[in-house]
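See below for the structure under consideration.
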Amino acid sequence: MPQTIAELTLGVFSSHITLLLAVAVILVLLGMLLEATVVVMLLTPILVPVIKAAGVDPVHFGLLMMTLVTFGGMTPPVGISMYTVCGILRCSFTIIAVNYCLFLLLCLLLF
């Protein structure tokens, strides 16, 4: 099945950059809704053959995947990790959300 998905995605996306951008959006959205471990365990066996077939280094993709899923976990509206941080620091959700949004904006500008 992963080989079939790899062939399909290589036919749809013209370059590995557009493939990585599409996968990045999916990973952030799934990271918002699911726990990071679940996303990684479910999607790694499916996405690694696709990424290898596109010519992307698997180590680079692994770092990118973990970063994006972690960002998704800290991003509102669900923000599972953000609620944990608020509980540990005993601060309001809005303070953390505003600071995180500024951090996310800086990361996007540097990307």
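The values are calculated or read from the model by the stated rules, or taken from the named source; none is laboratory data. Computed from a prediction, not measured in an experiment: that's the story for all the values here. Reconstructed Cβ throughout: ideal geometry from the backbone, glycine too, with neighbour counts over all protein chains shown.
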Candidates VAL48, VAL40, VAL69 - the one that is modelled with pLDDT of 90 or more, within 16 Å of CYS107 (Cβ to Cβ) and not charged (D, E, K, R): VAL69
Answer yes if at least one residue in the range 2-10 is charged (D, E, K, R), touching a residue at least 12 places away in the same chain (Cβ under 8 Å) and within 27 Å of CYS101 (Cβ to Cβ), and no otherwise. no
Contacts under 8 angstrom Cβ, first residue in the range 77-94 being under 25 Å from VAL38 (Cβ atoms), partner polar (S, T, N, Q), 6 or more apart: SER81/THR70; MET82/THR75; CYS86/SER92
Take the residues of the range 53-111 that are aliphatic (A, V, I, L, M) and outside any helix (DSSP H, G or I): which is surrounded by the most Cβ atoms within 10 Å (Cβ to Cβ)? VAL56
